[in-house]
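Below: the structure, in structure tokens.
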Amino acid sequence: MKVSDIKDVNAQIIKQYQRSENNTPALDKQAGSASAKPIEKVDLSTMAKEIQKAKVEVSKLPDVREEKVQEIKAQVEKGTYNVSGEQIANKMVGESIVDLFA
């Protein structure tokens, strides 16, 4: 029984690596050059496509609803803007619950 020493095992690994380098297709070797263009393919599920469409539509909406802002401003100026304590408490509790789970 022959036991190969570690140098032989390392040499075998290096040779195998060199062989695999020599056997790689030409496209892999050209990957670094400007002439090679990688091929990319993405498959999206129907649900992912719908979510993507929804994100696009939402991104088109303004961040601030100007008509709502103007309505509240007018109420504040007239002195008719009233918010009940219950509404304020509900909003505070709701936001703190959301913060807990965020």
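The values are calculated or read from the model by the stated rules, or taken from the named source; none is laboratory data. Since the structure is predicted, the reported quantities are computational estimates derived from the model, not experimental observations. Here Cβ is always computed from backbone atoms with ideal geometry, including for glycine, and neighbour counts include all displayed protein chains.
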Residues (at pLDDT 75 or above and among the acidic types (Asp, Glu)) located in the stretch 6-42:
GLU40
Just the residues that are surrounded by 10 or more Cβ atoms within 10 Å (Cβ to Cβ) and of a type in the set (Gly, Ala, Ser), please, taken from the stretch 49-102.
ALA54, ALA74, ALA89, GLY94
